[in-house]
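Comments concern the structure below.
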Amino acid sequence: MKIGYATIQGYTHRTLEYNNQDFVLITEADNCKIGLIADGCGSGSNSEVGAQLGLKFLSKRILEQIDSDWKSNLKEDIQTYSKEIAAIHSNDPKGFIRDFLLYTIIGFVAKDDTLTIFSYGDGVIIIDDEIEIIDHNNRPKYINNELIGNEGGSFLFKEVNFDSQKITLGSDGLTDLLEGIEKGLVEEYHSLEQFMNDAENFTNPIHLPKLLKKYSRKGIIKDDCTLIMIKK
């Protein structure tokens, strides 16, 4: 399996001097591969911290249960971990969660010939030329919403018999790049098909980061943008 990935600060965040609130984590073990993206809440003062901690916990948690039903109680385990962190670090756990631990998740687990794609909140899934945009109108249900009294959600799972497909997963900022390609503003690619089939995106570790940074600087990628590209 070939995996390419990148994360960049969007033009708007750079202009406003916000941190990149996205995070990406790739984990490769003997019997599986895991790719995860978290998108921290824009109004959280330090949500990039929770995005990083949450994915490190999630990767470890999946690995520990990879040979059983790793999907079971995933949300509950993350929320338990979040409550423990908040209790350790603050006398105001709800305030800590609001500032640090609100984020969405999209990712995959590859084991044998099955690729399980899963998400919590918004994001983008592309399989070959089919684009699925999980859109919550800029009000996504973050993983720890219920811990601060907001409306919660649930993990969505999609299993793919992984063969010759090319798959891209992204935070909602990926829609800026896709729109730029569609409008002819991305000089490297004139179509989604070109983007998905460019071998450099999967094999050259600096290609995707350079591409995203270029179009963030040009103002085309406005939001923080993170993506993972996968093929066999």
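A short reminder: the numbers here are calculations on the coordinates, not readings from a lab. For clarity, every value in this text was computed on a predicted model and none was experimentally measured. Please note: Cβ atoms are built from the backbone with ideal geometry, for glycine as well, and neighbour counts cover all protein chains shown.
Given the rule -39500 (n - 2.57) for each run of at least 4 DSSP H residues, summed and divided by the residues of the chain, what is its mean residue ellipticity at 222 nm, to the nearest 500 deg cm²/dmol? Spell out each step's value before the answer.
Working: 8 runs with 77 residues, N = 232.
Counting only the DSSP helices, I get -9500 deg cm²/dmol.
How much net charge surrounds residue 116 when only the other residues with a Cβ under 9 Å from the Cβ of residue 116 are counted, with Lys and Arg +1 and Asp and Glu -1? Let's see the in-between values first.
Numbers: positive: 71, 111, 158; negative: 159.
Result for the local shell: +2.
Largest GNM mean-square fluctuation across 14, 139, 98, computed for the chain with C-alpha springs under 10 Å, falls on 139. Packing order of peptides 112-121, 156-165, highest average first: 112-121, 156-165 (average count of other Cβ atoms within 10 Å over each peptide's residues).
Based on the alpha-carbon gyration tensor of segment 98-137 and its eigenvalue square roots a ≥ b ≥ c, which shape applies: rounded if a/c is under 1.5, prolate if not and a/b is larger than b/c, or oblate? Oblate, since a/c reaches 1.5 and b/c is not below a/b. Considering only 180, 50, 170, the mean-square fluctuation computed in a Gaussian network model of the chain, springs between alpha carbons under 10 angstrom, is largest for 180. Going by Cα centres, segment 47-82 and segment 161-232 are how many Å apart? Cα centroid of segment 47-82 versus Cα centroid of segment 161-232: 27 Å apart. Taking θ as phi - 60° and the Karplus parameters 6.51, -1.76 and 1.60, the scalar couplings of segment 217-232 work out to 4, 6, x, 7, 8, 7, 8, 3, 10, 9, 8, 10, 10, 9, 7, 7 Hz in sequence order, x denoting glycine and proline.
Principal axis analysis of the Cα atoms in segment 162-232 yields extents of 36, 21, 21 Å, listed in decreasing size.
Other residues within the sphere of radius under 12 Å centred on the Cβ of residue 152, judged by their own Cβ, net out at -1 (K and R +1, D and E -1).
Name the lysines eligible as straight-distance cross-link partners of residue 75: C-alpha to C-alpha under 26 Å, and not fewer than 8 places from it in the same chain. Here the lysines satisfying the reach criterion relative to residue 75 are 33, 56, 60, 83, 94, 111, 141, 158. What the Cα atoms of segment 144-187 give is an Rg and a Dmax of 16.6, 45 Å.
Derived from the Cα gyration tensor, the three semi-axes of the equivalent ellipsoid of segment 114-232 are 26, 19, 12 Å, largest first. Lysines within cross-link reach of residue 222: Cα-Cα under 19 Å, excluding same-chain residues under 8 positions apart? Here the lysines satisfying the reach criterion relative to residue 222 are 183, 210, 213, 214.
In order along segment 58-65, the phi-based Karplus estimate (6.51 cos²θ - 1.76 cosθ + 1.60, θ = phi - 60°) of 3J(HN,Hα) comes to 4, 4, 4, 5, 5, 4, 5, 10 Hz; Gly and Pro are listed as x. Packing, taken as the mean count of other beta carbons within 10 Å per residue, orders the peptides 210-223, 80-93 from highest to lowest as 210-223, 80-93.
Counting every pair of alpha carbons in segment 2-231, the share spaced more than 22 Å apart comes to 49 percent.
Pair-distance distribution of segment 18-145: all C-alpha pairs, bin width 10 Å, starting at 0; shares per bin in whole percent are 12, 43, 33, 10, 1. Couplings for segment 82-96, taken from phi via the Karplus curve 6.51 cos²θ - 1.76 cosθ + 1.60 with θ = phi - 60°, read 5, 5, 5, 4, 4, 5, 5, 9, 8, 7, 10, x, 5, x, 5 Hz in order; Gly and Pro are left as x.
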